[in-house]
1. Looking only at segment 50-65, count every residue that is buried (at least 24 other Cβ atoms within 10 Å of the Cβ) and in contact (Cβ under 8 Å) with a residue 60 or more places away in the chain and tell me the total.
2. In the set Ile76, Ile68, which member is part of a helix (DSSP H, G or I) and either of a type in the set (Lys, Arg) or without any contact (Cβ under 8 Å) to a residue 40 or more places away in the chain (or both)?
3. What single numbered condition from (1) at pLDDT 95 or above; (2) in contact with a helix residue (DSSP H, G or I) (Cβ under 7 Å, 6 or more places away or on another chain) fails to hold for Leu72?
4. Looking at segment 118-177 only, could you name the residues that are under 13 Å from Leu10 (Cα atoms) and of a type in the set (Asp, Glu)?
5. Can you go through Asp65, Asp16, Asp48, Asp4 and tell me which one is over 18 Å from the mean Cα position of the chain (by Cα) and either of a type in the set (Asp, Glu) or at pLDDT 95 or above (or both)?
6. Inside segment 95-107, can you point out the residues that are aliphatic (A, V, I, L, M) and at pLDDT 95 or above?
7. Going through segment 33-49 one residue at a time, which ones are surrounded by fewer than 16 Cβ atoms within 10 Å (Cβ to Cβ), among the charged types (D, E, K, R) and part of a loop (DSSP other than H, G, I, E, B)?
Amino acid sequence: MTVDRVRPPLRVVLTDVDTEVVEAWRAAFADTPEVEIRQGSILDQHVDAWVTPTNSRGRMDGGVDAVIKRHLGAGIQLRVQRAIRDRFGGRLPVGSAVCVPSGAANPKFLISTPTMVQSAQNVSETLNVALACAAAFQAVHMRNEESAGGIESVALVGMGAATGRVPARVCANLMWAGYTLFNDYRFRDYDDLRRTICAQLDDMENVSEEERVRIDPPERPGSRG
């Protein structure tokens, strides 16, 4: 894991049609004014990448996945599933993501990150939202390392807040935890990311819905310059 001392020049937009999710974001991100919070469809956001919560097989048959598939066309699911097959053997673990060309001018990329294993799974008692959000930002890091300036702006929805049945405040606070990771750290890989989040948020059931939990990755020898 390496430290990113200079904040990456990434524009982050949080957008959702659910008023409760938007209000929860405004509370959770109150001290991070650089994050844009909007009420409305992700389809209206003109950014380099959209982030869609998906399932482990990349079947875009429900929720935001289905909305994006209808908008971009059936080919987007084929690209997502091909990337999952090529990079993860056909099953995308929670806490990982794939980034594929969208085939459209807006956005240029689609980042798919699972909040659940199966479609419409209840993930309200899991850490899946934090894992998915952090994985989406990790995918941004990885894409930009491959091509400088590849993703300069990204839009995310309320992960797990609809079909995953995660309460709005919990969703917002876990997404805030994922965002704070993006500001300061780059993980070696998705395994490193999952280990860190699960180790530090394992007792989330003892934390109130209102409380934000910042994830501080453990330092390793030579990790700071």
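The values are calculated or read from the model by the stated rules, or taken from the named source; none is laboratory data. This structure is a prediction, so every number in the text was calculated from the model and none was measured. Here the Cβ is made from the backbone with ideal geometry for all residues, glycine too, and neighbour counts use every protein chain on show.
1. Total satisfying the criteria: 7.
2. Exactly one residue qualifies, and that residue is Ile76.
3. It is condition (2) that Leu72 fails.
4. The answer is Glu152, and nothing else.
5. Among Asp65, Asp16, Asp48, Asp4, only Asp4 is over 18 Å from the mean Cα position of the chain (by Cα) and either of a type in the set (Asp, Glu) or at pLDDT 95 or above (or both).
6. Initially, segment 95-107 is screened for residues aliphatic (A, V, I, L, M), giving 97-98, 100, 104-105.
If the condition is that a residue be aliphatic (A, V, I, L, M) and at pLDDT 95 or above, then Ala97, Val98, Val100 are the ones that fit.
7. Listed by number, the list holds a single entry, Glu34.
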